[in-house]
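Notes to accompany the following structure.
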Amino acid sequence: MLDTRLIRANPEKVEQELLKRNLSGALDRFLQLDEERRRILALAEELKNFRNTSSVEVGKMKKEGRDAAELMEKVRQAGQEIKEFDEQLKIAETEIESILLGIPNLPHDSVPVGKDEDSNIEIRRWGEPRKFNFEPLAHWDIGPSLDILDFERAAKLSGARFALYKDWGARLERAIINFFLDVHTSAHGYREILPPFMVDADCMTGTGQLPKFAEDMFKVEGREMYLIPIAEVPLTNIYREEILEAKELPLYLTAYTPCFRAEAGSHGRDTRGIIRLHQFNKVELVKLVEPYNSYEELEKLTADAEEVLQLLGLPYRVVLLSTGDMGFSSAKTYDIEVWMPGYNDYKEISSCSNCEDFQARRANIRYRSAPKAKVQYVHTLNGSGVAVGRTVAAILENYQEEDGSITVPEVLRPYMGGLEKITKRTQ
(Lines give C-alpha, C1' and ligand atoms only; values in the text may rest on other atoms or scores of the structure.)
Protein backbone atom coordinates (compact mmCIF):
# COMPACT_ATOMS: atom_id res chain seq x y z
CA MET A 1 0.00 0.00 0.00
CA LEU A 2 1.27 3.45 -0.86
CA ASP A 3 1.91 6.08 1.79
CA THR A 4 -1.11 8.41 1.79
CA ARG A 5 1.08 11.27 2.97
CA LEU A 6 3.20 10.86 -0.16
CA ILE A 7 0.12 10.94 -2.38
CA ARG A 8 -1.29 14.03 -0.69
CA ALA A 9 2.03 15.87 -0.70
CA ASN A 10 2.85 15.21 -4.36
CA PRO A 11 -0.02 13.62 -6.30
CA GLU A 12 1.44 14.68 -9.65
CA LYS A 13 4.69 12.82 -8.96
CA VAL A 14 2.86 9.67 -7.83
CA GLU A 15 0.63 9.86 -10.92
CA GLN A 16 3.72 10.06 -13.14
CA GLU A 17 5.18 6.96 -11.48
CA LEU A 18 1.93 5.06 -11.93
CA LEU A 19 1.87 6.04 -15.61
CA LYS A 20 5.13 4.10 -15.90
CA ARG A 21 3.11 1.07 -14.83
CA ASN A 22 0.54 1.81 -17.56
CA LEU A 23 -2.03 3.18 -15.10
CA SER A 24 -3.78 6.43 -15.97
CA GLY A 25 -6.09 8.32 -13.61
CA ALA A 26 -5.53 5.83 -10.79
CA LEU A 27 -5.55 8.60 -8.17
CA ASP A 28 -8.54 10.63 -9.45
CA ARG A 29 -11.16 9.03 -7.23
CA PHE A 30 -8.79 8.84 -4.27
CA LEU A 31 -8.05 12.57 -4.42
CA GLN A 32 -11.75 13.37 -4.76
CA LEU A 33 -12.67 11.22 -1.77
CA ASP A 34 -9.73 12.47 0.27
CA GLU A 35 -10.89 16.06 -0.27
CA GLU A 36 -14.42 15.04 0.73
CA ARG A 37 -13.05 13.29 3.81
CA ARG A 38 -11.18 16.37 4.94
CA ARG A 39 -14.30 18.53 4.37
CA ILE A 40 -16.40 16.17 6.49
CA LEU A 41 -13.75 16.08 9.22
CA ALA A 42 -13.64 19.90 9.35
CA LEU A 43 -17.44 20.18 9.58
CA ALA A 44 -17.61 17.46 12.23
CA GLU A 45 -14.85 19.08 14.25
CA GLU A 46 -16.65 22.42 14.13
CA LEU A 47 -19.85 20.81 15.37
CA LYS A 48 -18.00 18.94 18.13
CA ASN A 49 -16.46 22.19 19.34
CA PHE A 50 -19.91 23.79 19.34
CA ARG A 51 -21.38 20.84 21.23
CA ASN A 52 -18.62 20.91 23.84
CA THR A 53 -18.79 24.64 24.52
CA SER A 54 -22.59 24.65 24.41
CA SER A 55 -22.80 21.76 26.85
CA VAL A 56 -20.75 23.80 29.31
CA GLU A 57 -23.01 26.78 28.69
CA VAL A 58 -26.14 24.65 29.27
CA GLY A 59 -24.79 23.59 32.63
CA LYS A 60 -24.04 27.18 33.52
CA MET A 61 -27.53 28.35 32.47
CA LYS A 62 -29.20 25.64 34.50
CA LYS A 63 -27.13 26.53 37.51
CA GLU A 64 -28.21 30.15 37.17
CA GLY A 65 -31.84 29.17 36.73
CA ARG A 66 -32.12 30.28 33.10
CA ASP A 67 -34.06 28.46 30.41
CA ALA A 68 -31.62 26.30 28.41
CA ALA A 69 -34.17 24.42 26.27
CA GLU A 70 -33.35 26.17 22.99
CA LEU A 71 -29.60 25.66 23.40
CA MET A 72 -30.14 22.06 24.47
CA GLU A 73 -32.08 21.41 21.24
CA LYS A 74 -29.23 22.89 19.22
CA VAL A 75 -26.80 20.59 21.06
CA ARG A 76 -29.04 17.61 20.28
CA GLN A 77 -29.22 18.56 16.61
CA ALA A 78 -25.45 18.99 16.52
CA GLY A 79 -25.06 15.49 17.95
CA GLN A 80 -27.33 14.08 15.25
CA GLU A 81 -25.37 15.87 12.52
CA ILE A 82 -22.10 14.61 13.99
CA LYS A 83 -23.48 11.06 13.82
CA GLU A 84 -24.42 11.57 10.16
CA PHE A 85 -20.97 12.99 9.39
CA ASP A 86 -19.33 10.01 11.11
CA GLU A 87 -21.33 7.64 8.89
CA GLN A 88 -20.33 9.59 5.77
CA LEU A 89 -16.73 9.55 6.94
CA LYS A 90 -16.80 5.78 7.43
CA ILE A 91 -18.15 5.26 3.89
CA ALA A 92 -15.50 7.55 2.39
CA GLU A 93 -12.65 5.94 4.33
CA THR A 94 -13.80 2.44 3.35
CA GLU A 95 -13.76 3.41 -0.33
CA ILE A 96 -10.39 5.15 0.07
CA GLU A 97 -8.91 1.98 1.57
CA SER A 98 -10.39 -0.11 -1.25
CA ILE A 99 -8.81 2.19 -3.84
CA LEU A 100 -5.42 2.12 -2.12
CA LEU A 101 -5.49 -1.70 -1.93
CA GLY A 102 -5.87 -1.77 -5.71
CA ILE A 103 -2.98 0.56 -6.55
CA PRO A 104 0.38 -1.16 -7.26
CA ASN A 105 3.76 -0.24 -5.83
CA LEU A 106 5.80 2.56 -7.39
CA PRO A 107 8.81 1.45 -9.45
CA HIS A 108 12.37 2.10 -8.31
CA ASP A 109 14.29 4.65 -10.38
CA SER A 110 16.54 1.90 -11.78
CA VAL A 111 13.63 -0.05 -13.32
CA PRO A 112 13.33 0.28 -17.13
CA VAL A 113 10.10 1.90 -18.27
CA GLY A 114 8.06 -0.16 -20.73
CA LYS A 115 4.65 -1.59 -21.51
CA ASP A 116 5.52 -5.28 -21.24
CA GLU A 117 8.26 -7.93 -21.21
CA ASP A 118 9.71 -6.58 -24.47
CA SER A 119 11.25 -3.76 -22.40
CA ASN A 120 12.99 -6.10 -19.93
CA ILE A 121 16.78 -5.84 -19.82
CA GLU A 122 19.11 -8.83 -19.70
CA ILE A 123 21.70 -8.26 -16.96
CA ARG A 124 23.94 -11.34 -17.18
CA ARG A 125 24.19 -14.96 -18.22
CA TRP A 126 25.76 -17.97 -16.55
CA GLY A 127 26.74 -21.19 -18.27
CA GLU A 128 26.54 -22.23 -21.90
CA PRO A 129 23.55 -24.15 -23.26
CA ARG A 130 24.52 -27.72 -24.05
CA LYS A 131 25.01 -28.66 -27.68
CA PHE A 132 23.40 -32.04 -28.32
CA ASN A 133 24.56 -34.51 -30.96
CA PHE A 134 20.95 -35.74 -31.14
CA GLU A 135 17.55 -34.06 -31.25
CA PRO A 136 16.70 -33.20 -27.60
CA LEU A 137 13.21 -33.90 -26.31
CA ALA A 138 10.97 -31.72 -24.18
CA HIS A 139 10.38 -32.75 -20.57
CA TRP A 140 6.71 -33.56 -21.29
CA ASP A 141 7.94 -36.28 -23.62
CA ILE A 142 10.91 -37.40 -21.48
CA GLY A 143 8.93 -37.84 -18.25
CA PRO A 144 6.23 -40.14 -19.66
CA SER A 145 8.76 -42.13 -21.72
CA LEU A 146 10.67 -42.92 -18.49
CA ASP A 147 7.36 -43.47 -16.67
CA ILE A 148 8.30 -40.90 -14.02
CA LEU A 149 5.67 -38.31 -15.01
CA ASP A 150 2.05 -39.17 -15.73
CA PHE A 151 -0.18 -36.37 -16.98
CA GLU A 152 -3.12 -38.53 -18.09
CA ARG A 153 -3.67 -40.13 -14.69
CA ALA A 154 -3.15 -36.75 -12.99
CA ALA A 155 -5.95 -35.36 -15.18
CA LYS A 156 -8.14 -38.32 -14.16
CA LEU A 157 -7.58 -37.39 -10.51
CA SER A 158 -7.74 -33.60 -10.66
CA GLY A 159 -8.27 -32.33 -14.21
CA ALA A 160 -5.93 -30.41 -16.48
CA ARG A 161 -2.75 -28.67 -15.30
CA PHE A 162 -1.77 -31.23 -12.67
CA ALA A 163 1.10 -33.75 -12.67
CA LEU A 164 1.60 -37.17 -11.13
CA TYR A 165 5.22 -37.99 -10.26
CA LYS A 166 6.34 -41.63 -10.06
CA ASP A 167 9.38 -43.52 -8.77
CA TRP A 168 12.58 -41.57 -9.56
CA GLY A 169 10.51 -38.60 -10.66
CA ALA A 170 9.01 -38.29 -7.18
CA ARG A 171 12.42 -38.94 -5.63
CA LEU A 172 14.01 -36.25 -7.84
CA GLU A 173 11.43 -33.66 -6.78
CA ARG A 174 12.03 -34.51 -3.10
CA ALA A 175 15.80 -34.47 -3.60
CA ILE A 176 15.68 -30.98 -5.11
CA ILE A 177 13.55 -29.66 -2.25
CA ASN A 178 16.00 -30.97 0.35
CA PHE A 179 19.02 -29.78 -1.62
CA PHE A 180 17.63 -26.24 -1.92
CA LEU A 181 16.73 -26.07 1.78
CA ASP A 182 20.14 -27.38 2.82
CA VAL A 183 22.00 -24.81 0.70
CA HIS A 184 19.88 -21.86 1.82
CA THR A 185 20.02 -22.75 5.50
CA SER A 186 23.66 -23.84 5.77
CA ALA A 187 25.38 -21.61 3.19
CA HIS A 188 23.11 -18.56 2.98
CA GLY A 189 21.93 -18.17 6.57
CA TYR A 190 18.16 -18.54 6.13
CA ARG A 191 15.99 -19.87 8.93
CA GLU A 192 13.84 -22.79 7.80
CA ILE A 193 10.11 -22.51 8.42
CA LEU A 194 7.32 -25.01 7.74
CA PRO A 195 4.20 -22.79 7.64
CA PRO A 196 0.51 -23.65 7.26
CA PHE A 197 -0.56 -24.17 3.66
CA MET A 198 -3.85 -22.32 4.25
CA VAL A 199 -4.06 -18.71 5.39
CA ASP A 200 -6.78 -16.18 6.16
CA ALA A 201 -7.80 -13.21 4.01
CA ASP A 202 -5.72 -10.78 6.10
CA CYS A 203 -2.56 -12.66 5.10
CA MET A 204 -3.49 -12.55 1.43
CA THR A 205 -4.25 -8.83 1.69
CA GLY A 206 -1.00 -8.17 3.52
CA THR A 207 1.20 -9.42 0.70
CA GLY A 208 -0.98 -8.03 -2.10
CA GLN A 209 -2.84 -11.08 -3.47
CA LEU A 210 -6.18 -9.70 -2.27
CA PRO A 211 -8.34 -8.02 -3.28
CA LYS A 212 -6.96 -7.48 -6.79
CA PHE A 213 -6.04 -11.09 -7.67
CA ALA A 214 -8.87 -12.99 -5.97
CA GLU A 215 -9.68 -14.93 -9.16
CA ASP A 216 -6.17 -16.43 -9.17
CA MET A 217 -6.61 -17.93 -5.70
CA PHE A 218 -8.18 -21.17 -4.50
CA LYS A 219 -10.62 -20.27 -1.72
CA VAL A 220 -11.79 -22.85 0.81
CA GLU A 221 -15.55 -23.18 0.43
CA GLY A 222 -17.51 -21.85 3.38
CA ARG A 223 -14.49 -20.28 5.08
CA GLU A 224 -12.41 -17.13 4.73
CA MET A 225 -9.36 -19.28 4.08
CA TYR A 226 -7.18 -19.66 1.01
CA LEU A 227 -4.67 -22.24 -0.23
CA ILE A 228 -1.37 -20.38 -0.42
CA PRO A 229 -0.21 -19.34 -3.91
CA ILE A 230 3.37 -18.99 -2.65
CA ALA A 231 5.21 -19.34 0.68
CA GLU A 232 5.89 -15.59 0.58
CA VAL A 233 2.36 -15.14 1.96
CA PRO A 234 2.69 -17.00 5.29
CA LEU A 235 6.39 -16.17 5.73
CA THR A 236 5.91 -12.40 5.42
CA ASN A 237 2.75 -12.42 7.53
CA ILE A 238 4.44 -14.19 10.45
CA TYR A 239 5.25 -10.69 11.68
CA ARG A 240 1.97 -9.01 10.75
CA GLU A 241 0.84 -6.39 13.28
CA GLU A 242 4.18 -6.61 15.11
CA ILE A 243 6.88 -4.12 16.04
CA LEU A 244 10.36 -5.62 15.75
CA GLU A 245 13.58 -4.35 17.25
CA ALA A 246 16.45 -3.38 14.95
CA LYS A 247 18.64 -6.05 16.55
CA GLU A 248 16.21 -8.70 15.19
CA LEU A 249 16.85 -7.54 11.63
CA PRO A 250 17.59 -8.66 9.03
CA LEU A 251 15.32 -11.69 9.11
CA TYR A 252 16.10 -14.35 6.50
CA LEU A 253 13.40 -17.02 6.12
CA THR A 254 13.06 -19.99 3.77
CA ALA A 255 10.32 -22.56 3.38
CA TYR A 256 9.27 -25.42 1.18
CA THR A 257 5.55 -25.44 0.41
CA PRO A 258 3.21 -26.67 -2.25
CA CYS A 259 1.68 -23.69 -4.05
CA PHE A 260 -1.83 -23.46 -5.49
CA ARG A 261 -2.86 -21.09 -8.28
CA ALA A 262 -5.95 -20.96 -10.45
CA GLU A 263 -3.81 -19.38 -13.20
CA ALA A 264 -6.77 -17.33 -14.42
CA GLY A 265 -5.93 -15.47 -17.61
CA SER A 266 -2.96 -17.69 -18.48
CA HIS A 267 -4.78 -19.88 -21.02
CA GLY A 268 -2.49 -21.05 -23.78
CA ARG A 269 0.72 -20.13 -21.94
CA ASP A 270 3.08 -23.03 -21.20
CA THR A 271 0.17 -25.43 -20.78
CA ARG A 272 2.24 -28.53 -21.62
CA GLY A 273 4.37 -30.26 -19.03
CA ILE A 274 5.10 -28.99 -15.53
CA ILE A 275 5.99 -25.35 -16.19
CA ARG A 276 2.60 -23.88 -15.29
CA LEU A 277 0.46 -26.05 -13.01
CA HIS A 278 -2.38 -25.42 -10.57
CA GLN A 279 -0.32 -27.18 -7.87
CA PHE A 280 3.47 -27.07 -7.74
CA ASN A 281 6.31 -27.13 -5.21
CA LYS A 282 8.62 -24.25 -4.46
CA VAL A 283 11.33 -23.26 -2.00
CA GLU A 284 10.83 -19.60 -1.16
CA LEU A 285 13.20 -16.98 0.25
CA VAL A 286 11.87 -14.02 2.26
CA LYS A 287 13.72 -11.15 3.91
CA LEU A 288 12.59 -8.47 6.36
CA VAL A 289 15.23 -5.76 6.51
CA GLU A 290 15.87 -2.15 7.41
CA PRO A 291 15.19 0.28 4.54
CA TYR A 292 18.71 1.67 4.21
CA ASN A 293 20.20 -1.50 2.68
CA SER A 294 17.22 -3.27 1.12
CA TYR A 295 18.60 -2.97 -2.42
CA GLU A 296 21.89 -4.49 -1.34
CA GLU A 297 19.80 -7.30 0.18
CA LEU A 298 17.99 -7.73 -3.15
CA GLU A 299 21.29 -8.36 -4.91
CA LYS A 300 22.25 -10.91 -2.24
CA LEU A 301 18.89 -12.67 -2.45
CA THR A 302 19.18 -12.93 -6.23
CA ALA A 303 22.71 -14.33 -5.88
CA ASP A 304 21.41 -16.93 -3.41
CA ALA A 305 18.83 -18.12 -5.94
CA GLU A 306 21.45 -18.14 -8.70
CA GLU A 307 23.87 -20.27 -6.70
CA VAL A 308 21.61 -23.31 -6.51
CA LEU A 309 21.32 -23.28 -10.31
CA GLN A 310 25.09 -22.96 -10.61
CA LEU A 311 25.57 -25.95 -8.31
CA LEU A 312 23.17 -27.91 -10.51
CA GLY A 313 25.05 -26.84 -13.62
CA LEU A 314 21.95 -25.34 -15.25
CA PRO A 315 22.59 -22.40 -17.63
CA TYR A 316 20.51 -19.32 -16.90
CA ARG A 317 20.20 -15.60 -17.42
CA VAL A 318 19.14 -12.76 -15.10
CA VAL A 319 16.65 -10.23 -16.44
CA LEU A 320 15.61 -6.89 -14.92
CA LEU A 321 11.85 -6.55 -15.40
CA SER A 322 10.34 -3.40 -16.86
CA THR A 323 7.62 -1.35 -15.18
CA GLY A 324 5.02 -3.06 -17.38
CA ASP A 325 6.07 -6.60 -16.52
CA MET A 326 6.85 -6.63 -12.80
CA GLY A 327 4.47 -7.77 -10.08
CA PHE A 328 1.86 -5.74 -8.25
CA SER A 329 3.76 -5.43 -4.94
CA SER A 330 7.25 -5.05 -6.35
CA ALA A 331 9.38 -1.93 -6.65
CA LYS A 332 12.13 -3.81 -8.51
CA THR A 333 12.32 -7.40 -9.77
CA TYR A 334 14.97 -9.66 -11.26
CA ASP A 335 13.76 -12.76 -13.06
CA ILE A 336 16.13 -15.72 -13.30
CA GLU A 337 15.41 -17.72 -16.44
CA VAL A 338 16.81 -21.23 -16.90
CA TRP A 339 17.76 -22.62 -20.31
CA MET A 340 15.21 -25.17 -21.57
CA PRO A 341 16.29 -27.16 -24.68
CA GLY A 342 12.69 -28.31 -25.22
CA TYR A 343 11.66 -24.71 -25.81
CA ASN A 344 15.02 -23.64 -27.25
CA ASP A 345 14.60 -20.67 -24.94
CA TYR A 346 15.00 -19.43 -21.38
CA LYS A 347 12.07 -19.85 -18.98
CA GLU A 348 11.50 -18.14 -15.63
CA ILE A 349 12.50 -20.26 -12.65
CA SER A 350 12.80 -17.54 -10.00
CA SER A 351 11.53 -14.02 -9.46
CA CYS A 352 13.39 -11.91 -6.87
CA SER A 353 11.75 -8.69 -5.71
CA ASN A 354 12.16 -5.79 -3.34
CA CYS A 355 8.73 -4.59 -2.23
CA GLU A 356 10.20 -1.80 -0.07
CA ASP A 357 7.54 -0.87 2.55
CA PHE A 358 4.53 -1.65 0.30
CA GLN A 359 3.66 -5.00 1.92
CA ALA A 360 4.76 -3.85 5.38
CA ARG A 361 2.17 -1.04 5.29
CA ARG A 362 -0.56 -3.46 4.30
CA ALA A 363 0.48 -5.99 6.98
CA ASN A 364 1.54 -3.33 9.51
CA ILE A 365 5.03 -4.76 10.06
CA ARG A 366 7.22 -2.17 11.77
CA TYR A 367 10.48 -1.90 13.64
CA ARG A 368 12.18 0.42 16.11
CA SER A 369 15.77 1.38 15.32
CA ALA A 370 16.50 2.34 18.96
CA PRO A 371 14.66 1.88 22.30
CA LYS A 372 12.97 5.30 22.18
CA ALA A 373 13.01 5.84 18.43
CA LYS A 374 9.90 6.31 16.33
CA VAL A 375 8.66 3.11 14.74
CA GLN A 376 8.90 2.75 10.95
CA TYR A 377 8.04 0.15 8.37
CA VAL A 378 10.44 -2.62 7.41
CA HIS A 379 11.25 -3.43 3.80
CA THR A 380 10.20 -6.88 2.59
CA LEU A 381 11.87 -8.93 -0.13
CA ASN A 382 11.02 -12.29 -1.63
CA GLY A 383 12.28 -14.67 -4.27
CA SER A 384 12.01 -18.26 -5.41
CA GLY A 385 14.92 -20.28 -4.25
CA VAL A 386 13.85 -21.80 -6.67
CA ALA A 387 10.73 -23.34 -8.32
CA VAL A 388 11.08 -27.09 -7.83
CA GLY A 389 8.95 -28.44 -10.66
CA ARG A 390 10.64 -26.17 -13.18
CA THR A 391 14.00 -27.39 -11.89
CA VAL A 392 12.90 -30.98 -12.52
CA ALA A 393 11.90 -29.99 -16.05
CA ALA A 394 15.23 -28.21 -16.60
CA ILE A 395 17.21 -31.22 -15.36
CA LEU A 396 15.27 -33.65 -17.56
CA GLU A 397 15.88 -31.50 -20.62
CA ASN A 398 19.48 -30.42 -19.98
CA TYR A 399 20.75 -33.78 -18.68
CA GLN A 400 19.01 -36.09 -21.15
CA GLU A 401 21.06 -38.67 -23.01
CA GLU A 402 20.60 -40.18 -26.45
CA ASP A 403 19.55 -43.53 -24.99
CA GLY A 404 16.64 -41.81 -23.18
CA SER A 405 18.22 -41.85 -19.71
CA ILE A 406 18.84 -38.82 -17.51
CA THR A 407 22.19 -38.13 -15.86
CA VAL A 408 21.63 -37.06 -12.27
CA PRO A 409 23.51 -33.83 -11.40
CA GLU A 410 26.38 -34.70 -9.08
CA VAL A 411 25.17 -32.51 -6.18
CA LEU A 412 21.85 -34.36 -6.14
CA ARG A 413 23.25 -37.88 -6.05
CA PRO A 414 23.57 -38.03 -2.24
CA TYR A 415 19.84 -37.14 -2.09
CA MET A 416 19.04 -39.84 -4.67
CA GLY A 417 20.68 -42.72 -2.83
CA GLY A 418 23.79 -42.43 -4.99
CA LEU A 419 21.86 -42.86 -8.25
CA GLU A 420 23.81 -41.62 -11.29
CA LYS A 421 21.29 -42.21 -14.06
CA ILE A 422 17.51 -42.30 -14.23
CA THR A 423 16.25 -45.04 -16.54
CA LYS A 424 12.86 -46.60 -17.11
CA ARG A 425 11.88 -49.29 -14.62
CA THR A 426 11.99 -52.79 -16.02
CA GLN A 427 9.27 -54.11 -13.76
Filter result (surrounded by fewer than 20 Cβ atoms within 10 Å (Cβ to Cβ), in contact with a strand residue (DSSP E or B) (Cβ under 8 Å, 6 or more places away or on another chain) and closer than 14 Å to Asp141 by Cα) within the stretch 400-422: Glu401, Ser405
For Asn10: the one exception among (1) open to solvent by less than 90 Å² (accessible area, probe 1.4 Å); (2) within 44 Å of the chain's Cα centre (by Cα); (3) in contact (Cβ under 8 Å) with a residue 24 or more places away in the chain: (3)
Residue match in the stretch 121-129 (condition: of a type in the set (Lys, Arg) and either over 29 Å from Thr333 (Cα atoms) or open to solvent by less than 70 Å² (accessible area, probe 1.4 Å) (or both)): no
Wholly within the stretch 321-413, strands (runs of 3 or more DSSP E) carrying at least 3 residues that are under 17 Å from Val308 (Cβ atoms): 332-340, 345-354, 379-387
Hits in the stretch 151-181 - residues which are open to solvent by 70 Å² or more (accessible area, probe 1.4 Å) and either under 13 Å from Gly273 (Cα atoms) or aliphatic (A, V, I, L, M) (or both): Glu152, Leu157, Ala160
Residue within the stretch 92-103 that is open to solvent by less than 50 Å² (accessible area, probe 1.4 Å), in contact with a helix residue (DSSP H, G or I) (Cβ under 8 Å, 6 or more places away or on another chain), outside any helix (DSSP H, G or I) and under 20 Å from Thr205 (Cβ atoms) present: yes
Selection count, the stretch 211-226, where residues are touching a residue at least 24 places away in the same chain (Cβ under 8 Å) and either closer than 16 Å to Gly327 by Cβ or open to solvent by 50 Å² or more (accessible area, probe 1.4 Å) (or both): 8
Only listed residue being touching a Gly at 6+ places or on another chain (Cβ under 9 Å) and either open to solvent by less than 40 Å² (accessible area, probe 1.4 Å) or among the hydroxyl-bearing types (Ser, Thr, Tyr) (or both), chosen from Ala331, Ala373, Ala387, Ala363: Ala363
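The values are calculated or read from the model by the stated rules, or taken from the named source; none is laboratory data. Here the structure is a predicted model, which means the values were calculated and not measured. We place every Cβ from the backbone using ideal geometry, glycine too, and count neighbours over all the protein chains shown. All accessible areas refer to the heavy atoms of the entire protein, side chains included, with ligands and DNA or RNA removed. Shrake-Rupley method; radii C 1.70, N 1.55, O 1.52, S 1.80 Å.
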